[in-house]
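J.: Before I ask anything, here is the structure I am working with.
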Amino acid sequence: MSPEFIGLALLAGLLVVNVQATRQIARSGEQGFRKAMFMGGVWAIPFLGAWLVKANLQTLAVRDDNHTVAGEAEPAPTHLQAPDVANFDVLTHLHNRQDLPQMDWPALDIWAHGAGDRAPQVAAEALNQGRRAWLLHLRDALGAHMHLHEGADCFILSPLAPSVARATARYVTTTRQRIDRLLAGMAHFPVTEKSILLVLDDEDTYYHYVAQFYGEDGEFARSGGMFIHFGCPHFVVVAADLAAIEPVIAHEMTHNALAHLHLPTWLDEGLAVNTERRLKGAPPAQHTPAQLHYLHQRFWTPERMQEFWAGTSFQRTDDGNLLSYELARILVDHMARDWAAFTAFVTTAQRSDGGAQAAADVLSVDLGRSVGALLDIDGDDHAGWAPEPARWARAAG
């Protein structure tokens, strides 16, 4: 047997082993630096690298086999218990919306806080108990393939494999910490309150779920994720490779962190988009800056600007949806150059006037003129571009 043949056979064997090891890493749920390290080791060290990775992944697999997903085998509870209060009847307080269970959140809140003198830690634990009960009932409604994973500071209801669910929980924890740092003075995650992530199988299930939070004839723009304010704050995404849904999680968790401020929609979305970009980088651009500028100039009018300030333009199903998010991103980026002043603006901005008064008082900025300058609208043409809440009420009526 010639040396050339032996060499080719070894090369082919190495290629087969490395490809198999690479596929195993891709399916393992490992993310970020560890995933890159494993991948590099496979191809950098012939045979030995693949063997070391296989040994490590087998150890992880044993851990996953021994890991019990929270709520995997337990039945959804029918009642809840807490000190010094009567039991909470879960079934009485569950209502079907879109054939999915939804909790009577005000009733749960009253029960969790008792007579109002309950320690915050005790009340938070009672609320988490109620939210967990709801998630277990929702698990049963969505199907046997759904599992509830409970991390240190999050619940994840999903069809994900245990290793991927754990990687997602780690990402949620890390993202909470990074948002806290990036938006210090604005963001707020109660330390005793767990974030809730609902990962749904596909777009049909996703839109069926989120439809319950809109009117019967409500039309909403397509998305891969959404933060739900109603009753129990939680965010919902469509199942995909973890790397694909990480930007959605970062975006929606920013909304979660800012929910206590009740911001104008444009400011809330602008902060979420910019924070997502700082954490995960900018997504591939659909248009060049020059094309976007042209689209903005062609689309926005004084009437449509009132939709923007009111927040309704973000629900448009035409180009206005993309342009609303882009305008919010650009406006926030422009206003945030003095971060201390911007933080003061954000924490005082009111949804009722689109943030106009806070912008004038804190930043000495007229929002209509700011948008006009960004879109290159001539000075005398700014009339009607600033927020006019009276016009929003008439439009809604």
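Read the figures in this text as sums done on the coordinates, not as results from a lab. A quick note: this is a predicted structure, and the numbers were derived from the prediction, not measured. Every residue, glycine as well, gets a Cβ built from its backbone with ideal geometry; the counts of neighbours run over all protein chains shown.
J.: Looking at region 79-259, send over the antiparallel percent of its DSSP beta bridges, to the nearest 5.
T.: Here the antiparallel bridges make up roughly 65 percent for region 79-259.
J.: With an 8 Å cut-off on Cα pairs and a minimum separation of 6 or more residues, tell me the relative contact order of region 99-218 in percent.
T.: Rounded, it is 23 percent for region 99-218.
J.: Suppose R0 equals 51 Å; then what is the FRET efficiency for LEU322 and ALA152 from their Cβ-Cβ distance, rounded to the nearest 0.05?
T.: 0.90
J.: Using 0.36 nm times the number of residues separating ALA360 and PHE230, minus their current alpha carbon distance, what extension gain do you get?
T.: Roughly 43.7 nm would be gained on extension.
J.: If amide H atoms are built 1.01 Å from N in the plane of the peptide, which residues on other chains or at least 5 residues away come under 5 Å of the amide H of ILE196?
T.: For ILE196, the qualifying residues are PHE155, PHE235.
J.: Out of region 295-384, which trypsin sites (Lys or Arg not before Pro) are coil in DSSP terms and have no more than 13 other C-beta atoms within 10 Å?
T.: ARG337
J.: Please give the FRET efficiency for GLU303 paired with ALA393, using the beta carbon to beta carbon distance and R0 = 22 Å, rounded to the nearest 0.05.
T.: For R0 = 22 Å, the calculated efficiency reads 0.90.
J.: Now, a different point. With a Förster radius of 25 Å, plug the Cβ-Cβ distance of LEU100 and GLU203 into 1/(1 + (r/R0)^6) and report the FRET value to the nearest 0.05.
T.: Rounded to the nearest 0.05, the efficiency is 0.95.
J.: Defining a contact as two alpha carbons under 8 Å apart and six or more residues distant in sequence, what relative contact order in percent does region 173-260 show?
T.: Taking the mean separation of contacting Cα pairs over the length of region 173-260, I get 35 percent.
J.: Determine the relative contact order of region 276-396: mean sequence separation of Cα pairs under 8 Å and six or more apart, normalised by residue count, in whole percent.
T.: 26 percent
J.: Of all the Cα-Cα pairs you can form in region 143-237, what percent are over 18 Å apart?
T.: The answer is 52 percent, as a whole percent.
J.: Of the options THR254, MET146, ALA133, report the single residue whose Cα projects farthest towards the positive end of the charge dipole of region 79-259 (beta-carbon charges: Lys, Arg +1; Asp, Glu -1).
T.: Of the candidates, THR254 comes out farthest on the positive side.
J.: Another one. In whole angstrom, note down how far apart the Cα centers of region 125-190 and region 220-288 are.
T.: Using only Cα atoms, the two centres lie 16 Å from each other.
J.: Name all residues of region 156-196 having a backbone nitrogen under 11 Å from the label point set 7 Å from the Cα of THR348 along its Cα→Cβ direction, giving them as ranges.
T.: Of the residues in region 156-196, none has backbone N under 11 Å from the label point off THR348.
J.: How large is ³J(HN,Hα), in whole Hz, for each residue of region 203-214 in order, when computed from phi with the Karplus curve 6.51 cos²θ - 1.76 cosθ + 1.60 and θ = phi - 60°, using x for Gly and Pro?
T.: These are the phi-based 3J(HN,Hα) values: 5, 4, 5, 4, 6, 4, 5, 6, 4, 5, 9, 10 Hz.
J.: Highest mean first, how do 319-328, 235-244 rank when packing is the count of other Cβ atoms within 10 Å averaged over residues?
T.: 319-328, 235-244
J.: Right, here's the next one. Normalise the Cα radius of gyration of region 79-259 by 2.2 N^0.38 Å (N = residues in it) and let me know the number.
T.: 1.02
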